[in-house]
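The values are calculated or read from the model by the stated rules, or taken from the named source; none is laboratory data. Model, not experiment: these values are computed from the prediction. For neighbour counting, all protein chains shown are included, and Cβ atoms are generated from backbone atoms with ideal geometry for every residue, glycine included. Heavy atoms of the whole protein, side chains included, go into the accessibility calculation; ligands, DNA and RNA do not. Shrake-Rupley method; radii C 1.70, N 1.55, O 1.52, S 1.80 Å.
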Amino acid sequence: METNYTNTTHLFSVEYYYYTENSNSALPVELNGTSPPFIAAYNNISWSGAHDIPPEEDFGPYTWNGSQYPSGYSQLRIIVTAFFVTFIMVVIVVGNMLVCIAIATEKALKTVQNWFIASLAVSDFLVGLVIMPFSLAKELMGYWIFGTVWCEIHAALDVLLCTASINNLCLISLDRYWSVTQAVEYLKKRTPTRAVLMICFVWALSALISLPPLLGWKKEERPEDYPSCSLSDDVGYVLYSALGSFYIPAFVMVFVYIRIFMAARSRARRHVKKTRQASEVTNDPPRDKSTTTTTCTSFSNPSPPDKRRDTDIF
């Protein structure tokens, strides 16, 4: 009697075996007549009936270090991680949404300088709303289950929004630096039109960094047991995106904020020096000061008449 056992409950490739019951052996045999590599584990297995399927506990559940997902996370770790990351996502989405609403509705906040902050808030808002939920699912499960099309869009948006966020921070640092070092000239040049052009330049630069893999700058994907999702593993693109998305903006921000600190410190020292010089010029000599004080005291508080003199007169 032969029983055909088929496993279709898992994502990896399925192997088909025929199990033969006879008086000599109850060993599984493959279709080509050879024994599978794990045959020694089933020497004492026998079933009755024409269509019996071996119970799962006899074969052992398909797990990854005790987890039901290839990521290897336990159920408790999945719950805890999902809770904290979801809390962070809610804070990011709600906080940046409130920033955008405040800048759009409050007249006191509708300044050109706050437009850069609004652009930063929009990029962070979209990261928390569009990117983080799918990335969390991929991290907890260990593979991508949302399809190839959304994989490419999601990966490109991830690079676009993260790069825009970092470049907006770089733009804000440059705006502060020019406001400190070239206060009068820069404030005249920082018109609403130029501010919009600067924000558009930041987003266009971010798009130039995220779009090349969609146009073919990537390696051919190798077949894997589980679907994965990545933008590009090409060495040239990795260096290109790393420089444009992190290293160059980080270097600019560090350099700019050091210059801002030095300019603010030198300005504070000049201010302290001027106040000291002004106080030395306005102060009077000590003798004149004491005389003036005594005179003012004598006029303001005259002494009462002497009673002895009055009695002598009479």
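In order along segment 174-188, the Karplus-derived 3J(HN,Hα) couplings, from 6.51 cos²θ - 1.76 cosθ + 1.60 at θ = phi - 60°, round to 5, 4, 5, 5, 5, 5, 7, 7, 10, 4, 6, 5, 5, 5, 6 Hz, and Gly and Pro are given as x.
Here the accessible area is traced with a 1.4 Å probe on the protein chains. For segment 136-248, carbon and sulfur cover 67 percent of it.
Here, segment 173-256 has an Rg and a Dmax of 18.5, 62 Å when only alpha carbons are counted.
When the residues CYS170, CYS162 are ordered by accessible surface, computed with a 1.4 Å probe over the protein chains alone, the sequence from largest down reads CYS162, CYS170.
Accessible surface area normalised per residue over segment 118-246 is 55 Å², counting heavy atoms of protein chains with a 1.4 Å rolling probe.
Among LEU161, LEU239, the sequence by solvent-accessible area, most first, with a 1.4 Å probe is LEU239, LEU161. Ranked by the mean number of other Cβ atoms within 10 Å per residue, highest first, peptides 179-187, 131-139 order as 131-139, 179-187.
Counting heavy atoms of the protein chains alone, MET97 has an accessible area of about 80 Å² for a 1.4 Å probe.
Got a sec? What order do TRP203, TRP115 fall in by accessible area at 1.4 Å, biggest, i.e. largest, first?
Values: TRP203 65, TRP115 85 Å².
So, going from the largest accessible area down, we get TRP115, TRP203.
Go through 245-257, 82-94 and give me the packing order, highest mean Cβ count within 10 Å leading.
Highest to lowest by the protection proxy: 245-257, 82-94.
The residues packed around SER241, meaning those with a beta-carbon under 12 Å from its beta-carbon, carry a net charge of -2 if Lys and Arg are +1 and Asp and Glu are -1.
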